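For reference, the structure is listed below as structure tokens.
The numbers here are math on the coordinates, done by the rules we state, and not lab data. Since we're looking at a predicted model, the values are computed, not measured. All Cβ positions, glycine included, derive from the backbone under ideal geometry; neighbour counts span all protein chains shown.
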Amino acid sequence: MIPAPTAYRPAQIWLHWIVVLGVILQIGFHDAIVAVIGALEAGQAPAAADVTWAWVHVGVGSTILVAVIARLALRWRFGAPGHAPDTSALQARIASTMHGALYVLLLAMVATGMLTWSAIAPLGGVHFGINVALFFAALAHALAAVFNQVVRRDGTLMRMVPRF
Ligand code: HEM
Ligand code: HEM
């Protein structure tokens, strides 16, 4: 049996930031894919440029899916470091729940996006709603990481900083 790790592996750290970058791109650039779906639902031909950028949204979203699956596989295989010392049981539970929720929200984003894009189910509204939840969950998560690092000085943020 592999002992519990004391740090995230480099692959876990890089994949974390690849996903963060991907989510920022997705939330920042979605007008084209919304226009394409709107045109198709209205029975009109979407603009060619919109179709191109829509495929970029699909490509970045698919990259996020691969990265999340890789992260879950690495976590399952190698585990993750326990919470920082001095973390109360309540704080530890909140942090673990938040990490699980972030994984679920990411997978739900990809699933609803793919179902909408492939015209299997028009879940654009759900996709948008989950995106809002993901935004606020990620914001709270990031603020908690910075708070723990700067105020409690427990080294939480440094665990996710890549080492060169
Ligand atoms: C974490 C990953 C993703 C994020 C954060 C994200 C984010 C967004 C956002 C913010 C919108 C605009 C929603 C609106 O204003 O109504 C959107 C629209 C859309 N996204 Fe994504 N997306 C992700 C992954 C994907 C994937 C993987 C696909 C498809 C393979 C996809 C397909 C779509 C489609 C089809 C729309 C238009 C929905 C509509 O207008 O009905 N998304 N996405
Ligand atoms: C889209 C935005 C983000 C998502 C989806 C996300 C997701 C996650 C997930 C799922 C974990 C748990 C990793 C695991 O144990 O398997 C994690 C850990 C972590 N994240 Fe993020 N994250 C985001 C943004 C950020 C930002 C902006 C920061 C820094 C300001 C950050 C700092 C950290 C740190 C320090 C950890 C390790 C926490 C610990 O070991 O207790 N994350 N993140």
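Based on this model, can you work out whether residue 15 counts as within 11 Å of ligand 1 (Cβ to nearest atom), in contact with a helix residue (DSSP H, G or I) (Cβ under 7 Å, 6 or more places away or on another chain) and farther than 16 Å from residue 116 by Cα?
no
Given the options 52, 112, name the one that is in a helix (DSSP H, G or I), farther than 30 Å from residue 157 by Cα and near ligand 1 (Cβ under 9 Å from one of its atoms).
Residue meeting the stated conditions: 112.
Is it true that residue 32 is touching a residue at least 12 places away in the same chain (Cβ under 8 Å) and of a type in the set (Gly, Ala, Ser)?
Judged against the criteria, residue 32 is a match.
Considering only residues that are more than 18 Å from the chain's Cα centre (by Cα) and surrounded by fewer than 16 Cβ atoms within 10 Å (Cβ to Cβ), look in region 115-145 and name the one that is nearest to ligand 2 (Cβ to nearest atom).
125
Across region 36-94, which residue is surrounded by the most Cβ atoms within 10 Å (Cβ to Cβ) among those that are β-branched (Val, Ile, Thr) and more than 13 Å from ligand 2 (Cβ to nearest atom)?
If we take residues in region 36-94 being β-branched (Val, Ile, Thr) and more than 13 Å from ligand 2 (Cβ to nearest atom), then 36 is surrounded by the most Cβ atoms within 10 Å (Cβ to Cβ).
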